[in-house]
Amino acid sequence: ETNPKLRVSIITRLLDTFYQIRAARVCSCALWIIGEYCLSLSEVESGMATIKQCLGELPFYSVSEEGEATDASKKTPQANSITVSSRRPAVLADGTYATQSAASETAFSAPTVVQGSLASGNLRSLLLTGDFFLGAVIACTLTKLVLRLQEVQPSKVEVNKATTQALLIFVSMLQLGQSPVLPHPIDNDSNDRIVLCIRLLCDTGDGIRKIWLQSCRQSFVKMLSEKQLRETEELKAKAQVSHAQPDDLIDFYHLKSRKGMSQLELEDEVQDDLKRATGEFVNDNDDANKLNRILQLTGFSDPVYAEAYVTVHHYDIVLDITVINRTKETLQNLCLELATMGDLKLVERPQNYTLAPESSKQIKANIKVSSTETGVIFGNIVYETSNVLERTVVVLNDIHIDIMDYISPAVCTDAAFRTMWAEFEWENKVAVNTVIQDEKEFLNHIIKSTNMKCLTP
C-alpha cells in the first residue's frame, strides 16, 4: 500500500511462491493481498489460476472415499484424536464471535484417505484438516477477483466461465463442510460468509461492488495513515523530551549514605535512578494539579494537623503525609497507624517520631496493590505529651483509592487485542442511561470517563 511502484513485482513474486506457504494464517494474509492488489487483467487471471491450482481437483472428496473414511474411522481406535475441548468463543478477524472450530483445537494425525500427498495444493491440504475460516477467506478473495475481472475483461464468455468456476469451488467447500469425511462440520460463521459470496456472484448490485472493491481498501488505507500519524507523533514527542539538562547533578548511587534506609527504600532508589537514566520519568511540574490531589486527613482544630498527597504508580500507592504539631508542647512517640481495606497491603510498620512544638514532619507510607480494585485506607495518629501519661488518638479521614487512577490509555495491535480478549473472559454488561444521540460523541464520552483509548480510527 505504501510502495505502489513495487506492487507489481511483489504480486508476481507472491503468486509464484504462494504454493509453498503451509501456515493457515500466512495463507489468509497472502490471499487478502492477492484479492486487494491484483488489478490488471493478467494479475487477476494469474491470481485466480494460482488459487485454483492450490485447491487442486474438485470435488474435495468422492463418495467411495467417504465410505472408506467412515470404515477407517470405525476400525481405528480414537486414540489419535486428542480434542482439546474449549468453552470459549473464538474472536474472528472482523471482531465477531464464532464457536471455535476444532481446526486449532484438535491435534489429530493427518487423515490418510483425505489428505492426499503433500504434493497436493497447500490450500487443499489445509481445508481438508477442517480449517474453514481459511475457506471463507478463499471465497472472499475469489469473489473480489471475479468482480474485478468483470471490470477489466471485455469478453463476457471468459467472465461467465470464471464466475461458474468460482461458484463450483464455493459449493464444493460447503459440501465438504457438511460431509462426514472431516472430524467436525463447518462452523456457522464461515458457512454464512461462503453463502454470501455465492449470492454476490449470482447477483451483484453496484453498491455491493463498491463496498467489496473500494471501501475495504479505503478503510485499510485510513488505518495505515492513522498508524503512521501516531508513530510520527510519538517520535516527535520523544524528540522533544530532554532526558537531562547538561548541568544536572550526577548522583553516584554507591557513594550515598544508606543509614536508616530500609531494604525496600534502597531498592526503590535503584529503580528510580534507572528510570531517571532511561528518561522514563515524566516531568510532573504541574503544581496546580498536585494541589488538587492533596487530601486533608484531620481537622484544622485538632492538636495534630495531617494532610496526604497520594501518588498511584503501577502497583504501588505512595502516601506523602505531612504532620504538623499545632500545640506548644513536644509530642513524643508520635506514630501514624494505617490500616487498609480491599486488595491493598501496607509494606512497612510505621516508626515513632518526636515532634517539637509547632514543627512539622514528612512521613512516607508505601502501600502495595495486589489487584486494581477500589480500596480504602484509614488510620489514626497516636501520641503522648510530656505532662499526661496516657496516649491521645486523633482519627484520620478515610482515603479512597479509585480504580480510575490505575488506568492510563495505551495502544495495542489488533492481533494482540484479539488474543487477550479470547484469554480473559472480560465481558461485563453495564447499563448506561444517556441523552447522547450520536454514537461517535457517546464513544468519546466513554473514552473520557474511563481514561481509555479507542484502538481503531
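With every protein chain in place, what's the accessible area of residue 384 (1.4 Å probe, Å², nearest 10)?
Surface accessible to solvent at residue 384 totals approximately 40 Å².
Short version: ³J(HN,Hα) in whole Hz for each residue of the range 191-197, in order, from phi by Karplus 6.51 cos²θ - 1.76 cosθ + 1.60 (θ = phi - 60°), x for Gly and Pro, what are they?
With the stated coefficients, the range 191-197 comes to 4, 4, 5, 5, 4, 4, 4 Hz.
Starting from the Cα gyration tensor of the range 136-225, take the square roots of the eigenvalues, sort them a ≥ b ≥ c, and report rounded, prolate or oblate (rounded when a/c is under 1.5, otherwise prolate if a/b is larger than b/c, else oblate).
Details: a/c = 2.59, a/b = 1.32, b/c = 1.97.
Note, shape of the range 136-225 comes out oblate.
Tell me the accessible surface of residue 417 in square angstrom (1.4 angstrom probe, heavy atoms of protein chains only), to the nearest ten.
70
Cα-Cα over 32 Å: which of 345/440; 236/368; 227/429?
Values: 345/440 40 Å; 236/368 35 Å; 227/429 30 Å.
From 345/440; 236/368; 227/429, over 32 Å: 345/440; 236/368.
Apply the Karplus parameterisation 6.51 cos²θ - 1.76 cosθ + 1.60, with θ equal to phi minus 60°, to every residue of the range 9-25 and state each ³J(HN,Hα) to the nearest whole Hz, in sequence, with x for glycine and proline.
Values, residue by residue: 5, 5, 4, 4, 4, 4, 5, 5, 9, 4, 5, 7, 6, 10, 9, 4, 5 Hz.
Largest first, what is the accessible-area ranking of 448, 361, 345 with a 1.4 Å probe? Can you show the working numbers first?
Working: 448 170, 361 70, 345 135 Å².
The ranking, largest first, comes out as 448, 345, 361.
Could you give the accessible area per residue of the range 296-440, probe 1.4 Å, as a whole number in Å²? Could you put the intermediate results ahead of the total?
On the way: 9240 Å² over 145 residues.
Dividing the accessible area of the range 296-440 by its residue count gives 64 Å².
What size of dipole, in debye to the nearest 20, comes out for the range 323-457 about its Cα centre when the only charges are +1 on Lys and Arg C-beta atoms and -1 on Asp and Glu C-beta atoms?
Working: 13 positive and 18 negative charges, 88 e Å.
Roughly 420 debye for the range 323-457.
Tally Lys and Arg at +1 and Asp and Glu at -1 over the other residues with C-beta under 15 Å from the C-beta of residue 332: what net charge comes out? Intermediate values should be presented prior to the final figure.
On the way: positive: 328, 361, 391; negative: 329, 384, 390.
Every neighbour counted, the sum reads 0.
Over the range 308-359, with every protein chain in place, what whole percent of the accessible area is carbon and sulfur at 1.4 Å, could you tell me? Don't skip to the answer; put the middle values down first.
Working: 1440 of 2900 Å².
Exposed carbon and sulfur together represent 50 percent of the surface.
Taking a spot 7 Å from the Cα of residue 402 along the direction of its beta carbon, which residues of the range 289-326 have an amide N less than 11 Å from it?
293
Using +1 at the Cβ of each Lys and Arg and -1 at the Cβ of each Asp and Glu in the range 313-406, identify which of 400, 375, 362 lies farthest towards the dipole's positive end.
Farthest along the dipole direction, towards plus: 362.
The values are calculated or read from the model by the stated rules, or taken from the named source; none is laboratory data. Being a predicted model, the structure only gives us computed values, none of them experimental. Methodologically, a virtual Cβ is constructed for each residue, glycine included, from the backbone with ideal geometry; neighbour enumeration extends over all protein chains shown. What goes into the accessible areas is simple: the full protein's heavy atoms, side chains included, and nothing from ligands, DNA or RNA. Shrake-Rupley method; radii C 1.70, N 1.55, O 1.52, S 1.80 Å.
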